[in-house]
Amino acid sequence: MNLARFIPKLRRNRRGNVALITALLLVPMVFAIGFGIDYSRAMRLKTRLNAAADAAALAAVTAPMMQNNNTSAQTAATNMFNAQVAELSGLVFNSATDLTVSVTTTGTLNTGRTVVVTYKAASINMFSGVFGAATLPINGSSQSDATRAPYINFYLLLDNSPSNF
């Protein structure tokens, strides 16, 4: 069939336009839905990673941990983050290169501590990989500050003399 005669004839024909438009738009709609699914999975993973970063930052400033040095607080925060991230699927994360835990001592009497947990990761895409976007980057950070009370001695004086007062 001659294509030059077929296209004007197809343009004049008004029957089946809805089916034709639906068929033409079906592929872009499927990919748009797929991109939406990939994005929502990445944001769900980011929410879980933010919660893990918050828990890690708080683990380094608990009351018992404030009695320890900064190195043990950094180790506790790193272990807390890694334990929570280990159960997440669909994530590209390397703890050695993608996690930074910074612990600093603050305050005039060195009684305070600031912890900053920073991470970067990538969510593995299911649909977007067709167009070359195999992953979506995810990053975030959490900061926690705490201060412990300095050692203060309290003295109590009791008068146990037999007085009538």
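Taking every residue in the range 25-52 that is of a type in the set (Gly, Ala, Ser) and pairing it with any residue that is open to solvent by less than 90 Å² (accessible area, probe 1.4 Å) and in a helix (DSSP H, G or I), at least 6 positions away or on another chain, the pairs with Cβ-Cβ distances below 9 Å are 34/128; 51/84; 52/80; 52/81; 52/82; 52/83; 52/84; 52/85. Going by the conditions given, is residue 162 on the phi < 0 side of the Ramachandran plot, at pLDDT 90 or above, open to solvent by 100 Å² or more (accessible area, probe 1.4 Å) and not basic (Lys, Arg)? In short, no.
On the given criteria, is residue 72 among the polar types (S, T, N, Q), at pLDDT 90 or above, closer than 27 Å to residue 149 by Cβ and loosely packed, with under 14 Cβ neighbours inside 10 Å? Yes; evaluated as a whole, the condition is true for this residue. Looking only at residues in the range 75-98 that are of a type outside the set (A, V, I, L, M, F, W, C) and open to solvent by 50 Å² or more (accessible area, probe 1.4 Å), the one that is nearest to residue 44 (Cα to Cα) is 89. Applying the selection to the range 137-147, what residues are exposed (fewer than 14 other Cβ atoms within 10 Å of the Cβ) and within 19 Å of residue 41 (Cα to Cα)? If the condition is that a residue be exposed (fewer than 14 other Cβ atoms within 10 Å of the Cβ) and within 19 Å of residue 41 (Cα to Cα), then 137, 139 are the ones that fit.
Residues that are open to solvent by 60 Å² or more (accessible area, probe 1.4 Å) and assigned to a helix (DSSP H, G or I) were ranked within the range 41-68; the one that is modelled with the lowest pLDDT is 67. The residues of the range 139-149 that are of a type in the set (A, V, I, L, M, F, W, C) and either within 17 Å of residue 58 (Cα to Cα) or at pLDDT 95 or above (or both) amount to a single one, 146.
Listed here are the residues, each with its yes/no results for (1) open to solvent by 50 Å² or more (accessible area, probe 1.4 Å); (2) free of Cβ contacts under 8 Å to residues at least 12 places away in the same chain.
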| site | (1), (2) |
| --- | --- |
| 100 | yes, no |
| 104 | yes, no |
| 108 | yes, yes |
| 112 | no, no |
| 119 | no, no |
| 125 | no, no |
| 135 | yes, no |
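For the range 1-12, check the following and say yes or no: at least one residue is open to solvent by less than 60 Å² (accessible area, probe 1.4 Å) and either at negative phi or in contact (Cβ under 8 Å) with a residue 40 or more places away in the chain (or both). Yes, there is a match, as at least one residue in the range 1-12 is open to solvent by less than 60 Å² (accessible area, probe 1.4 Å) and either at negative phi or in contact (Cβ under 8 Å) with a residue 40 or more places away in the chain (or both).
Among the listed residues 85, 27, which satisfies the condition of being over 14 Å from residue 147 (Cα atoms), at pLDDT below 90 and aliphatic (A, V, I, L, M)? Going through 85, 27 in turn, just one is over 14 Å from residue 147 (Cα atoms), at pLDDT below 90 and aliphatic (A, V, I, L, M): 27.
The values are calculated or read from the model by the stated rules, or taken from the named source; none is laboratory data. All values derive from a computational prediction rather than experimental measurement. Here the Cβ is made from the backbone with ideal geometry for all residues, glycine too, and neighbour counts use every protein chain on show. In case anyone asks, the SASA skips ligands and DNA or RNA and just uses the protein heavy atoms, side chains included. Shrake-Rupley method; radii C 1.70, N 1.55, O 1.52, S 1.80 Å.
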